[in-house]
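Notes to accompany the following structure.
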Amino acid sequence: MEQERYLFVETHGCQMNDSDSGKITSLMSACNYRTTSDIGKADIVILNTCSVRDKAEHKVYSYLGTLKSYKERNPNLIIGVGGCVAQQEGERLLKRVPHLDIVFGTHNIHKLPELVSQVRRNKERVAETRFYENGLDIFPAPVFGSSSNSLKGLVNVMLGCDNFCSYCVVPYVRGREISRPSAGIVKEIEGLVSSGVKEVTLIGQNVNSYGRGLDEGTDFPTLLRKVNGINGLKRIRFMTSHPKDISDPLISSFGKLDKLCEHLHLPVQSGSDSVLKKMNRSYSSDGYLSRVQALRDLSPGMALTSDIIVGFPGETDEDFDATMGLVEKVRYDAIFSFKFSPRLETKAAGMPDQVNEGLKNERLLVLQERQREISLERNMEYEGKVVEVLVEGGGEKNHERLSGKTRSFKTVKFDGNEELVGELVQVRIEKGYVNSLIGKLV
């Protein structure tokens, strides 16, 4: 029997990266590698990278520098880099980091066992960053596993993006949109449910454009109906959505599908029409607000979260005020807010009128402080209400202190027996805070 080896995975970035790391773990497990949290024990170290934010590649080189001593102590250690920086840098990573063995791009996760075998067998360093053109090449049968914490699973339904927002590097490092055949998605979720998963999140860079180019003719609302019919599954979420693709059939899904949770992450990026045009976002602020209103007309309890960028090139005080005005109208439950950072290959990197860092910092602080107030106000609205909570775990120190998520993606903390982990329970909310709710088991 082949000797058992150990795999250490370090993940940076978004839920797509979390999902990719789950696939890496699953693939290597089938090759007799056990996951370890002790990097010193590892036979393979994989760094799964993100390049959405500024200086991401510098952080990669810095992290790889710390791995040099491990390689010196164990010459048989294999070090690999995957994800967006790997796709972006390719063989340049091998040239700059002599102790690096494998570089694999975003379309090549399924080839990792083959690349590892190639390194061990031939003692050579390899880089594989080709893009594929159809889902069957990227999602081979049998489907490799998803990221799962036993109760909740991430299921990748598509890759890539065709939108080419002027600030975004995703189309260059994840490729064009490719949808995965629905039969494989349903089969994977059925497998997750049989292993105890209660909630799945369908993920992709632009998940609600799912189905374009698929011969089977399945669009995203149709896929949601198929997933909703899976026995034993309790909850469905999805992300990330582009506002231009929030169709009426998709909105109506929230009223028709009992397992689809009342939470939507809908990135607006800016409330200024002139900035949205420069961003190539393909919608106006009024168009965005009309979709929000349609969602809330159908589901008044809908929780909305968003991404917002401040300091985009040419952003004036009036543009920023428009963003703040939109935040006041929507009243998001939470936002992810960022300063604009120029990314290689994107149009925005070369735009005139770049905003200085000091002004970016000021605007970001104003936005975040106001959103913190709104988040608190939104959470206080839950006080006195009874909500359904999926119990996810107990406290490390106090095992009778449980926590879980509502259908609207709120974190709830309450006292109860650890035997409730994995169950759907009713909790009366007694107090709302900025980031969580405190309640009592009904």
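The range 250-274 and the range 355-376 have Cα centres spaced 24 Å apart. In this rough spin-label picture, where each label sits 7 Å from Cα along the Cβ direction, the Arg73-Arg370 distance is 5.1 nm. Placing unit charges on each Cβ (+1 for Lys and Arg, -1 for Asp and Glu) gives the chain a dipole about its Cα centre, and among Ser272, Gly80, Val310 the Cα reaching farthest toward its positive end belongs to Gly80.
Mean residue ellipticity at 222 nm, helices only, the chain: -10500 deg cm²/dmol; runs of at least 4 DSSP H residues each add -39,500 (n - 2.57), and the sum is divided by the number of residues. Only the Cβ atoms of Lys and Arg (+1) and of Asp and Glu (-1) were treated as charged; on that basis the dipole of the chain about its Cα centre amounts to roughly 680 debye.
When the Kirkwood hydrodynamic radius is evaluated over all pairs of different C-alpha atoms of the range 1-140, what value in angstrom, to one decimal, is obtained?
Roughly 15.1 Å, rounded to one decimal.
Expressed to the nearest 5 percent, the antiparallel share of DSSP beta bridges inside the chain is 35 percent. Globularity index of the range 25-85 is 1.21 (Cα radius of gyration / 2.2 N^0.38 Å, N = number of residues). What nm value, rounded to one decimal, do you get for the distance between Gln15 and Glu190 when each label is placed 7 Å out toward the C-beta? About 2.4 nm, to one decimal. In the chain, with Lys and Arg counted as +1 and Asp and Glu as -1 at Cβ, which of these residues, Gly404, Val126, Val391, has the Cα nearest the positive end of the dipole, that is, farthest along it? Value: Val126.
Which whole-number percent of Cα pairs in the chain have a distance greater than 39 Å?
That tail contains 24 percent of the Cα-Cα pairs.
Accessible area per residue for the chain, computed on protein heavy atoms with a 1.4 Å probe, is 45 Å².
For the chain, the fraction of 1.4 Å probe accessible surface lying on carbon and sulfur atoms is 49 percent.
For the range 325-414, the calculated P(r), taken from all Cα-Cα distances in 5 Å bins from zero up to the bin holding the longest distance, is 2, 10, 15, 14, 14, 13, 10, 9, 7, 4, 1, 0 percent. Given just the C-alpha atoms of the range 210-280, how large is their convex hull per residue in cubic angstrom? Per residue, the Cα convex hull of the range 210-280 comes to 105 Å³. Going 7 Å from the Cα of Met351 toward and past its Cβ, which residues in the range 291-315 have a backbone nitrogen under 20 Å from where you end up? Those under the cut-off are 306-315.
Which value does Rg/Rh take for the range 367-442 over its C-alpha atoms, Rh per Kirkwood?
1.01
Subtracting the Cα-Cα distance of Ser284 and Arg212 from their residue separation scaled by 0.36 nm leaves 23.6 nm.
Mind checking which lysines have their C-alpha under 25 Å from Lys347, skipping anything on the same chain fewer than 8 residues away? Leaving aside lysines fewer than 8 places away in the same chain, those within reach of Lys347 are Lys55, Lys59, Lys244, Lys277, Lys278, Lys339, Lys360. Taking 0.36 nm per residue of separation and subtracting the Cα-Cα distance, full extension of the segment from Leu344 to Arg96 would add 87.4 nm. Once you treat every alpha carbon in the range 79-119 as an equal point and sum by Debye, what is log10 I(q)/I(0) at q = 0.35 Å⁻¹? Taken in order of the listed q values, log10 I(q)/I(0) reads -1.24. Taking Met380, Met351, Met16 and ordering them by how much accessible surface each has at a 1.4 Å probe, largest first, produces Met380, Met351, Met16.
The values are calculated or read from the model by the stated rules, or taken from the named source; none is laboratory data. In this text the structure is predicted, and so the values were computed from the model without any measurement. Every residue, glycine among them, receives a Cβ derived from its backbone with ideal geometry; neighbour counts consider all protein chains shown. Ligands, DNA and RNA are stripped out before the accessible areas are found, and what is left, the full protein with its side chains, is counted by its heavy atoms. Shrake-Rupley method; radii C 1.70, N 1.55, O 1.52, S 1.80 Å.
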